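K.L.:
Before I ask anything, let me first share the structure, which is written out below as structure tokens.
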Amino acid sequence: MSNLRRPAELSPTLDVSGLVDADGGLLDRAIFTDQTIYQQELRRVFAPSWLFLAHTSQFTKPGDFFTTYLGEDPVIVAMDKTRRIRAYLNSCRHRGARVCRADFGTAKAFTCTYHGWAYDVAGTLISVPNQAGYPESFDTGDWGLVEVPQVDSYNGLIFGTWNPQAPSLREALGEMTWYMDAMLDHDGQGTEAVGGVHKWVLEGNWKLAAEQFATDWYHVNMSHASALMALSPTGKGPREEIVHRSGRQYADPNGHGAGFPVHPKNRFDAQPVHQWFDYAAARERLGEAQVEGPLTNGHATVFPNFSYLPVNGSIRIWHPKGPDRMEVWAWTLVDRSMPDEVKEAQRLYNLRTFGPSGIFEQDDGENWSEVQAISRGFVTNRTPLNYQMGLGSERDDGRYPGTTSELYSDAAGRAFYRRWQSLMNTSAWHEENT
Ligand code: FES
Ligand SMILES: [Fe+2]
């Protein structure tokens, strides 16, 4: 039993009804800059939501672990002796140091380097130096690492949530799974992560990246003009090639979003991948709508902060690091069935385009930092932003699951912020008794 009681005033709560007008397509820029809003996001958006942790291929034997974050909370993801993947708060129950400071590896136990408390890979406290110095009431069974109550995976992607009452992962993903399957389920053999995890810091609010990946095909021709020119075999600009392409954008009620050009000849950009891939078999397994659309191209965000790009197998998480900063962690996914040289071609293509110094990634990061850098100005901050493209165009068109809009649209952005607003204005499970 604990006599500790945290006063509610420690966590002031703002009503954000006036900061997002999802129906009208307007946003107040305070949501990108305000510290109180940021703290509320950690409590009400990140803590209650399913967040991406790792890929299943990162764990092959008991003791394999990977350290990451859920929101700003450090966590260890580990395979226990029964081969179950579990996750724990990476913070010692004694004085709070991280008990594992490695990025990944294999361990029998995690020993805190401060005073030496040690925990096994199931998070149980197994050793306390000078345990005789503690009162009789001290029971190591009470002082294991705090476990993430729900961890689950979908087609190789492991997610976790601190919310014991959260609906299942499958339910939270809803119809977004159809769009995810187009990248994750080509042939029933699944995917694997290759080449490690790239990590870099950007001076921008995490939502700028997450919403762009949910909704924004619009920036491609302008922001990435030179990159598209460099990739084009003719060296010509992208205009005639891409600007008129038709496509769809998916807007999910839980805030997820995906957009993709639709073309019967959609293809992977990396030649070895394109040549190896069996489009006919994929059509058979998935269907025409997935193959001509989200299989090979486009962008997507699983709310709140996990995004991916089918064209190169890039998956990434936008870790929040304060209102002004995010840390990007990016993996390359390949099909398990690919021969090694095709996997390598995909990895290299991803690095060239969307690695930390990739020709597209550089453009995007520059835009987010630019938007963030000026948004603290008093007048700037009060000047609303426009998310009105495709307003009223959302419909169920019968070909793609759920509500879709035009490719060039802010529909998924509006859905993203509608969901964000709803979570921000709703008490989370941990507030119910306070
Ligand atoms: S902080 Fe971990 S043993 Fe003291
Ligand atoms: Fe981009």
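K.L.:
Arg382 - would you say it is crowded, with 19+ Cβ neighbours inside 10 Å and modelled with pLDDT of 95 or more?
P.N.:
When the stated conditions are applied, Arg382 does not pass them.
K.L.:
Taking the condition more than 17 Å from the chain's Cα centre (by Cα), assigned to a strand (DSSP E or B), at pLDDT 95 or above and aliphatic (A, V, I, L, M), does Val194 pass?
P.N.:
Spelling it out, Val194 is indeed more than 17 Å from the chain's Cα centre (by Cα), assigned to a strand (DSSP E or B), at pLDDT 95 or above and aliphatic (A, V, I, L, M).
K.L.:
Just one of (1) under 25 Å from His256 (Cα atoms); (2) under 18 Å from the mean Cα position of the chain (by Cα); (3) not aromatic (Phe, Trp, Tyr) trips up Ile76, so point out which.
P.N.:
Single failed check for Ile76: (1).
K.L.:
Can you run down the residue pairs with Cβ atoms below 6 Å, 6 or more apart or on separate chains, where the first is in region 154-183 and more than 11 Å from Val302 (Cα to Cα) and in the same structural domain as Gly71 (by TED's automatic domain parsing) and the partner is modelled with pLDDT under 95 and in a helix (DSSP H, G or I)?
P.N.:
Listed by first residue and then by second, the contacts come to nothing, as the list is empty.
K.L.:
Here is a further query. Being over 14 Å from the mean Cα position of the chain (by Cα), more than 10 Å from ligand 2 (Cβ to nearest atom) and buried (at least 22 other Cβ atoms within 10 Å of the Cβ) is the filter here; which residues of region 209-230 pass it?
P.N.:
Thr215
K.L.:
Additional query: Find the residue count for region 63-97, including only residues that are small (Gly, Ala, Ser) and in contact with a Phe, Trp or Tyr (Cβ under 7 Å, 6 or more places away or on another chain).
P.N.:
The number of residues fulfilling the criteria is 3.
K.L.:
Checking the structure you have, find out if any residue of region 47-62 is within 22 Å of Val128 (Cα to Cα) and either more than 16 Å from ligand 2 (Cβ to nearest atom) or in contact with a Lys or Arg (Cβ under 6 Å, 6 or more places away or on another chain) (or both).
P.N.:
Checked region 47-62: no residue is within 22 Å of Val128 (Cα to Cα) and either more than 16 Å from ligand 2 (Cβ to nearest atom) or in contact with a Lys or Arg (Cβ under 6 Å, 6 or more places away or on another chain) (or both).
K.L.:
Here's a follow-up. Return the total of residues in region 388-407 being touching a residue at least 40 places away in the same chain (Cβ under 8 Å), in a loop (DSSP other than H, G, I, E, B) and surrounded by fewer than 21 Cβ atoms within 10 Å (Cβ to Cβ).
P.N.:
Total satisfying the criteria: 9.
K.L.:
For Thr434, which of the numbered conditions (1) at pLDDT 95 or above; (2) touching a helix residue (DSSP H, G or I) at 6+ places or on another chain (Cβ under 7 Å); (3) surrounded by fewer than 20 Cβ atoms within 10 Å (Cβ to Cβ) fails to hold?
P.N.:
Failed condition: (1).
The values are calculated or read from the model by the stated rules, or taken from the named source; none is laboratory data. All values reported here derive from a predicted model rather than from experimental measurement. Glycine also receives a Cβ, built like all others from the backbone with ideal geometry; neighbour counts cover every protein chain displayed.
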